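Enquirer: The structure's right below; bear with me while I get my questions together.
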Amino acid sequence: FVDFGAMRVDSVAVDLARLCGSFLGGSDWSTPLSDYQLKRQLSEVERELVDEIDIGNALLTTVQWLDWLFLERREFENVERVRQRMEEAAERLRQL
């Protein structure tokens, strides 16, 4: 699914952080980052940003869920899926 409304020009560091964070979590990212750099070399700043953006994404994802659940008191149709998402977010924070 592509969200065309969310498409915009971003730093490649943002894209790589989101992609690796979503699919690999706290696993070793050296292979996908090395593979990417076969096509386009990352600058030192971009490489550092990948890690920093991943940390921010993990923190903000957790805060967003806490806000929805406890401040906004949103109700979700699939409570089990919400529980899974919260467990995934907590695990991701532990991996940082």
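Enquirer: Can you tell me which residue among V45, V79 is loosely packed, with under 12 Cβ neighbours inside 10 Å and out of contact with any helix residue (DSSP H, G or I) (no Cβ under 9 Å at 6 or more places or on another chain)?
Expert: The conditions single out V79.
Enquirer: Test of understanding: among V45, V63, V12, V82, which residue is under 16 Å from the mean Cα position of the chain (by Cα), β-branched (V, I, T) and modelled with pLDDT of 95 or more?
Expert: It is V63.
Enquirer: Still on this model: Here is a list: S34, S27, S22. Which entry is within 17 Å of the chain's Cα centre (by Cα), among the hydroxyl-bearing types (S, T, Y) and assigned to a helix (DSSP H, G or I)?
Expert: S22
Enquirer: Still on this structure, please answer the following. Take the residues in the range 1-33 that are of a type in the set (G, A, S) and loosely packed, with under 10 Cβ neighbours inside 10 Å, then tell me which one is farthest from R92 (Cα to Cα).
Expert: Across the range 1-33, the extreme among qualifying residues is G5.
Enquirer: Can I ask one more? If I filter the range 50-62 for residues that are surrounded by fewer than 11 Cβ atoms within 10 Å (Cβ to Cβ), among the polar types (S, T, N, Q) and within 23 Å of Q95 (Cα to Cα), do I get at least one hit?
Expert: No, the range 50-62 contains no residue that is surrounded by fewer than 11 Cβ atoms within 10 Å (Cβ to Cβ), among the polar types (S, T, N, Q) and within 23 Å of Q95 (Cα to Cα).
Enquirer: So, one more: I need the full set of residues from the range 29-60 which are among the polar types (S, T, N, Q) and more than 12 Å from A17 (Cβ to Cβ), in order please.
Expert: Listed by number, the residues that qualify are S30, T31, S34, Q37, Q41, S43.
Enquirer: Here is a further query. Here is a check on your reading of the model: is L49 of a type in the set (A, V, I, L, M, F, W, C) and closer than 24 Å to D10 by Cα?
Expert: Yes: the conditions hold for L49.
The values are calculated or read from the model by the stated rules, or taken from the named source; none is laboratory data. Every value quoted in this text rests on a predicted model; they were computed, and no experiment measured them. Cβ coordinates were reconstructed from backbone atoms using ideal geometry, including for glycine residues, and neighbour counts include every protein chain displayed.
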